[in-house]
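Got a structure here, written out as structure tokens. Questions coming.
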Amino acid sequence: RILLTTVLNLQRESIKGIAITVQDITREVELNEAKSQFISNVSHELRTPLFNIKTYIETLHDYGEDLGLEERQEFLQTVNHETDRLTRLVNDVLDLSKLESGRSYSFDGVDLAQAIEQTLRTYQLNAKDKGVELIQEVAPNLPLVMGNYDLLVQVFGNLIGNALKFTTAGGKVAIRAYQLDAKPNSSSGTPREHSQLSQVRIEISDTGIGIATEDQHSIFERFFRVENRVHTLEGTGLGLSIVRNIIDRHRSKVHLVSEVGVGTTFWFDLAVFDEKTPPKLVDITIE
Ligand code: ADP
């Protein structure tokens, strides 16, 4: 799109000159459109749980005495679920807006083993409850990578949370980290031909429902969720856009390989931390 500005230079009723500025504002227009689309999507997503909460509370208030104990419990359970959904949504939206608000994050040497350990600790119980095996394969003596610790923990959490969500009992979820020049210690089927000495690869794989080829490029879009019966109340459709945003900030790219009914592997590479490069602040600006 083009913004055309015309300036007439009028002097004593006669036109002295015309200046025309042509400016490509496609990017600004697209950004504004994306922002209003986002706000309208958020409002829509917030409205549903709010509406449900209000309806159930009103029913309990007006007709609570006519309902049986079991029914009342069920209604309260729904209110509880919807509140959780609202909390997840608000947290995800806040995370995204923080990422895009232009604030700076300090990038330094990150100990991946520690970040992975911290993430897994929060998912251990969930995996046990679901009957899914949680596997951790972090190569010994992994070098530090250049990154932001908290943001990386968030990435691992989102990817492991998804992997667990879409994997049923008896399945496996694994997180692996290894330096690309080292010999791979497991066969996960991800491409390794572009190995570089100074990179660490992180893979999060599951034996879950998989993602159809036609959906694979859309899953990183905000609010996109594949239509399937696994979708009950969990999820906001924002998790992977947060992951992509953070990995972009690490000057890297998230890849995935997936097969329906077999499972999914997400992977990305991070640069090894160079002691000689001082820690830096990376500005997070709107994409
Ligand atoms: P959500 O909150 O719905 O999980 P995400 O942005 O994290 O949102 O993921 C978007 C969609 O991508 C999910 O709703 C799901 O359909 C699909 N997806 C993500 N991770 C996996 C996975 N490991 N296995 C199968 N499908 C997945």
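Does the stretch 217-251 hold any residues that are open to solvent by less than 60 Å² (accessible area, probe 1.4 Å), at pLDDT 80 or above and more than 9 Å from the ligand (Cβ to nearest atom), and which are they?
ASN245, ILE246, ILE247, ASP248, ARG249, HIS250
Considering only residues of the stretch 153-170 that are free of Cβ contacts under 8 Å to residues at least 60 places away in the same chain and either assigned to a loop (DSSP other than H, G, I, E, B) or within 12 Å of the ligand (Cβ to nearest atom) (or both), which is most open to solvent (accessible area, probe 1.4 Å)?
Selected residue: THR168.
List every residue pair whose Cβ atoms lie under 9 Å apart, where the two residues are 6 or more positions apart in sequence or sit on different chains, the first residue falls within the stretch 28-55 and is closer than 25 Å to THR78 by Cα and in contact (Cβ under 8 Å) with a residue 60 or more places away in the chain, and the second residue, located anywhere, is β-branched (Val, Ile, Thr) and exposed (fewer than 11 other Cβ atoms within 10 Å of the Cβ).
none
Related question: Return yes or no: is GLU82 acidic (Asp, Glu) and exposed (fewer than 13 other Cβ atoms within 10 Å of the Cβ)? Full working, then the answer.
Numbers: acidic (Asp, Glu): yes; exposed (fewer than 13 other Cβ atoms within 10 Å of the Cβ): no.
Answer is no for this residue.
Of GLY109, GLY171, GLY131, which residue is more than 21 Å from the chain's Cα centre (by Cα), at positive phi and not aromatic (Phe, Trp, Tyr)?
Being more than 21 Å from the chain's Cα centre (by Cα), at positive phi and not aromatic (Phe, Trp, Tyr) holds for just one of GLY109, GLY171, GLY131, which is GLY131.
Scanning the stretch 252-273 for residues that are within 11 Å of the ligand (Cβ to nearest atom) and in contact (Cβ under 8 Å) with a residue 60 or more places away in the chain, which turns out farthest from LEU112 (Cα to Cα)?
So the residue we want is GLY263.
Does the stretch 89-106 contain any residue that is closer than 22 Å to ALA177 by Cβ, assigned to a loop (DSSP other than H, G, I, E, B) and not polar (S, T, N, Q)? Let's see the steps before the verdict.
Applying the first criterion (closer than 22 Å to ALA177 by Cβ) to the stretch 89-106 yields 105-106.
From what is left, the residues that are assigned to a loop (DSSP other than H, G, I, E, B) are none.
So far as the stretch 89-106 goes, no, none of its residues is closer than 22 Å to ALA177 by Cβ, assigned to a loop (DSSP other than H, G, I, E, B) and not polar (S, T, N, Q).
Within the stretch 113-152, how many residues turn out to be closer than 23 Å to ASP95 by Cα and either in contact with a His (Cβ under 9 Å, 6 or more places away or on another chain) or surrounded by 18 or more Cβ atoms within 10 Å (Cβ to Cβ) (or both)?
Taking the stretch 113-152 and keeping what is closer than 23 Å to ASP95 by Cα, we get 114-123, 126, 145-152.
In the following step, the residues that additionally are either in contact with a His (Cβ under 9 Å, 6 or more places away or on another chain) or surrounded by 18 or more Cβ atoms within 10 Å (Cβ to Cβ) (or both) were identified as 115-116, 119-120, 123, 145-149, 151-152.
Going through the stretch 113-152 one residue at a time, the tally reaches 12.
Something else: With LEU46, LEU4, LEU31, LEU10 as the choices, which residue is at pLDDT 80 or above and not charged (D, E, K, R)?
On inspection, the qualifying residue turns out to be LEU46.
The values are calculated or read from the model by the stated rules, or taken from the named source; none is laboratory data. Fair warning: this is a prediction, and the values are worked out from it, not measured in the lab. Using ideal geometry, Cβ is built from the backbone for each residue, glycine included, and neighbour counts are taken over all protein chains shown. For accessibility, only protein heavy atoms count, side chains too; no ligands or nucleic acids. Shrake-Rupley method; radii C 1.70, N 1.55, O 1.52, S 1.80 Å.
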